[in-house]
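All of the numbers you see were taken from the coordinates with simple rules; none came from a lab. Computed from a predicted structure; not experimentally measured.
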Amino acid sequence: MEVNITSRNVEMDNFLKEYIQRRLGKFEKAYSRIYRTEVILEEEKLNKKVEVIIYLKRNKVVAKESSPDIYASVDQAAESVKKQLRRLAGRLRSKRRKLVFHNVMEPMRRFYPGGEGSLSEEKQLIVKTNVFAEKPMLPDEAKLELQGAKKIFLMFKNSDTGESNVIYKRDDGNYGLVEPRF
């Protein structure tokens, strides 16, 4: 991650630069989408202002803080950035979940008895909901587990790829595997 530090009316020493690098360097490990960071240090009368701008692939996070101590301002700005990045990551995770449901689970509707279009859109109800824990397993292990169950399909986490996969029984007696491709 590239960190550009600009100071206006503030004396920059190596200790302050290292402190800023250390505080903001933690975000690079936690959020891989960061590609550039700008820090602007400014002094006006008794207040030291810090502005941190983090550029992500599609977004920009900005935090502005002010206090009498420059180090306290850097800490406050880093905490503000941390909160914003956490919120942004939650929104991205939510969007990914919706995409997985749309791309993986919706096509599975055709494997239910009756298929698509057997009921009108108004009469279709969710009759049963299953909650499961994603336990990592190989596709062969999932096939063995599906053979012993009276289910049509099984969703599992592939231990080779780390992705969620679905294995299902076909009408011809074989098994099909659905792997997401993002």
For each pair in K57/K135; K26/K48; K82/K157; K26/K64, compute the distance between the two Cα atoms and list the pairs where it is over 27 Å. K57/K135; K82/K157
For the stretch 130-182, what is the convex hull (Cα atoms) projected area averaged across all directions, in square nanometres? 4.0
